[in-house]
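All remarks here apply to the structure that follows.
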Amino acid sequence: METNVQQTEDQPTSINHQPSGVSGLGGWLVLVQIGLILTILLALIQLPEFYFTVFDSENWNVFTSRESEYYHPLWGPTFIIETVFSTLLLGFTVFTLYMFYRKKSILPRLMIILYSANLFFWVVDLILLYQIPLAREVEDGSSIRELFQSIISCAIWIPYFLNSKRVKNTFVK
């Protein structure tokens, strides 16, 4: 027995490719959204505060002038690296959030890059800070906590973005 499928001009044939399983910005992706938004808000608060404090001419000279008792040759590069990287990370986070809400297929890769870049930043920052004796003395453990939080975030969210059915079904555009 043979079945004929006829196509008329009024009814073009189309195959609807609906993803099977869960999709949408719900589930664990709610936590990702909150994390991205909080990251942006905190950066918008902390970055100007850091910028105006560190790059104030008086403060800058205290740390970067050879005549100062607090001088160390790595203070200047460390402050500049922190500022540049934080600014780039803020911009990348805004772009990632935009792609998140557009449900673009590149989003999982962007999230992996974002989490990895954040971890890389904390490793570099900690290495630089621990080269400066005064920074080691005043370190209250917050940099190490930030590093471990970044490691934990990577350990949780990178596998999630690689393996989640919801992620595969949601970010398809």
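Details
- Near F55, once Lys and Arg are set to +1 and Asp and Glu to -1 for all other residues with Cβ below 12 Å from its Cβ, the sum equals -4.
- The chain: angle of helix 29-54 to the longest principal axis, Cα-based, in degrees nearest 10: 30 degrees
- Environment charge at T83 (Cβ cut-off 15 Å; Lys +1, Arg +1, Asp -1, Glu -1): -4
- Crossing angle, helix 75-102 versus the chain [Cα axis fit, 0-90 degrees, rounded to tens]: 20 degrees
- Here, the stretch 46-132 yields an orientationally averaged convex hull projection of 6.1 nm² when only Cα atoms define the hull.
- P(r) tail fraction, the stretch 93-144 - alpha-carbon pairs more than 15 Å apart, %: 57 percent
- log₁₀ of I(q)/I(0) at q = 0.16 Å⁻¹ - the chain, Debye sum with one point per alpha carbon: -1.00
- Overall shape of the stretch 53-104 was characterised from the C-alpha gyration tensor. The equivalent ellipsoid obtained from it has semi-axes of 36, 9, 5 Å, in decreasing order.
- Distance between the stretch 67-91 and the stretch 95-173 - C-alpha centres, whole angstrom: 20 Å
- Accessible area ranking (1.4 Å probe, heavy atoms, ligands and nucleic acids excluded), largest first, for W75, W122: W122, W75.
- Rh by Kirkwood over Cα pairs, then Stokes-Einstein D for the stretch 114-164 at 0.890 mPa s and 25 °C, µm²/s: 208 µm²/s
- Along the chain, the exposed loop sites are GluC sites (Glu not before Pro) outside DSSP states H, G, I, E and B with at most 10 other Cβ atoms within 10 Å, and the longest stretch free of them is 70-173.
- Relative contact order of the stretch 21-79, defined on C-alpha pairs under 8 angstrom at six or more residues apart (%): 16 percent
- Once the Cα gyration tensor of the stretch 76-173 is diagonalised, semi-axes √(5λ) in Å: 31, 15, 8
The values are calculated or read from the model by the stated rules, or taken from the named source; none is laboratory data. Just so you know, these numbers come straight off a predicted model, no measurement behind them. Please note: Cβ atoms are built from the backbone with ideal geometry, for glycine as well, and neighbour counts cover all protein chains shown. Keep in mind that these areas ignore ligands, DNA and RNA; they rest on the heavy atoms of the full protein, side chains included. Shrake-Rupley method; radii C 1.70, N 1.55, O 1.52, S 1.80 Å.
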